[in-house]
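Below is one structure, written out as structure tokens; the observations come after it.
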Amino acid sequence: MVNDTHAEKLERMGEYLRSKRRIAVAFSGGVDSTFVLKVAVDVLGAENVLAVTGVSGSVSAAELSDAKSLAVQIGAAHLLIEPGEFEDPNYLANPTNRCYFCKTALYSRMKDAIGPRGFEAIVNGTNLDDLGEHRPGLVAAEEFGVGSPCVVAELRKSEIRSLSQSLGLPTHDKPASPCLSSRVQYGEAITPEKLKMIERAEAILRDMGIRECRVRHHGPLARIEVPAVWIERLAAPETRGRIDAAFRAIGYQYVAVDLRGFRSGSLNEVIAFGKRQASGVNGT
């Protein structure tokens with residue numbers, strides 16, 4: 001059931017999309033981009049919408065599979081491209097604005113790929129909540145003129161989840177799943193080998209039934225983040241031993257469970273910490 005406020009926001013989003021006529025959606029298969037793709041197809045018709053997904057070592061096989069299935073379910077044409085972010089030394093160096101270089105590569109390749117197919121406008125799944133977070137990729141979006149229909153409609157994440165459920169989208173309760181590179185601590189070089197380690201490690205946890213988890217890569221150390229309810233379970237002797245052995249087989253020398261539990265974007269905490277240190281907070 002869509003309430004009046006949501007109906008008004010959906011109409012505003014529809015007006016924006018209609019003004020673009022034919023659009024390419026930067027499509028990851030996550031909650032937000034799936035919602036945008038669905039609404040775009042409903043508003044513009046499938047013939048005027050193209051889903052575009054970047055395929056690289058920073059995207060897990062499971063996420064790519066989800067994106068392919070969702071595009072078919074929604075009825076949208078789906079184009080797979082190689083963004084080529086691994087060709088950029090700035091991206092590989094993994095600075096705190098790494099996402100800027102990633103999105104720059106994606107939007108640049110998208111622009112080249114969609115033009116010959118008769119599409120000019122690019123839109124993404126950025127929502128209103130994203131504007132208050134550390135998201136350097138938003139700068140790249142602005143530079144390439146990428147639109148954000150959910151921001152235009154002033155939709156927050158919780159509203160997108162609610163509307164997604166109303167639209168029958170299976171992603172309405174899907175956990176967030178940013179790219180694998182987001183698990184590598186800033187300043188440590190990004191390599192395909194490290195991302196494969198992270199992908200395999202997180203797959204082990206998900207096979208245990210943990211839907212929301214992160215394996216943060218700190219060199220030889222894997223730092224596991226899971227919801228608080230799972231921390232005690234992971235500490236059980238048999239489970240602890242099984243995870244330790246599996247992670248060591250992947251290539252990690254040390255395995256730790258973060259007692260603060262799962263939190264999205266925890267590697268960004270080092271940025272805030274650095275700012276506090278520089279300003280003399282905490283007695284320094």
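The values are calculated or read from the model by the stated rules, or taken from the named source; none is laboratory data. Everything quoted here is computed from the prediction, not taken from an experiment. Note that we place each Cβ from the backbone using ideal geometry, even for glycine, and neighbour counts take in every protein chain shown.
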Report summary line: In the set 163, 155, the lone residue that is on the phi < 0 side of the Ramachandran plot, surrounded by 17 or more Cβ atoms within 10 Å (Cβ to Cβ) and either among the hydroxyl-bearing types (Ser, Thr, Tyr) or part of a loop (DSSP other than H, G, I, E, B) (or both) is 155
Query raised in the report: Can you find even one residue in the range 23-35 that is surrounded by fewer than 19 Cβ atoms within 10 Å (Cβ to Cβ) and in a helix (DSSP H, G or I)?
Result: no
Report task. Kindly indicate which of 157, 196 is under 23 Å from residue 71 (Cα atoms), modelled with pLDDT of 95 or more and charged (D, E, K, R). Result -> 157
Query - Complete set of residues in the range 70-100 that are within 10 Å of residue 190 (Cβ to Cβ) and among the hydrophobic types (A, V, I, L, M, F, W, C) - result: 86, 92, 93
Requested in this report: Name, by its number, the condition in (1) part of a helix (DSSP H, G or I); (2) within 17 Å of the chain's Cα centre (by Cα); (3) closer than 20 Å to residue 149 by Cα that does not hold for residue 16.
Outcome: (2)
**Report entry** Residue that is in contact (Cβ under 8 Å) with a residue 60 or more places away in the chain, in the same structural domain as residue 120 (by TED's automatic domain parsing) and small (Gly, Ala, Ser), where the choices are 28, 19
**Finding:** 28
Requested in this report: Of all residues in the range 79-93, count the ones that are under 14 Å from residue 57 (Cα atoms) and in a loop (DSSP other than H, G, I, E, B).
Outcome: 4
Query - Test result for residue 193, at positive phi and either assigned by TED's automatic domain parsing to the domain that holds residue 256 or surrounded by 14 or more Cβ atoms within 10 Å (Cβ to Cβ) (or both) - result: no
**Report entry** Pick from the range 115-152, criterion part of a helix (DSSP H, G or I) and of a type in the set (A, V, I, L, M), ranking: farthest from residue 95 (Cα to Cα)
**Finding:** 152
Query raised in the report: Say we look at the range 233-274 and pick out the residues that are among the aromatic types (Phe, Trp, Tyr) and buried (at least 17 other Cβ atoms within 10 Å of the Cβ); which of these is modelled with the lowest pLDDT?
Result: 262
Requested in this report: State yes or no: is residue 112 free of Cβ contacts under 8 Å to residues at least 12 places away in the same chain and assigned to a helix (DSSP H, G or I)?
Outcome: yes
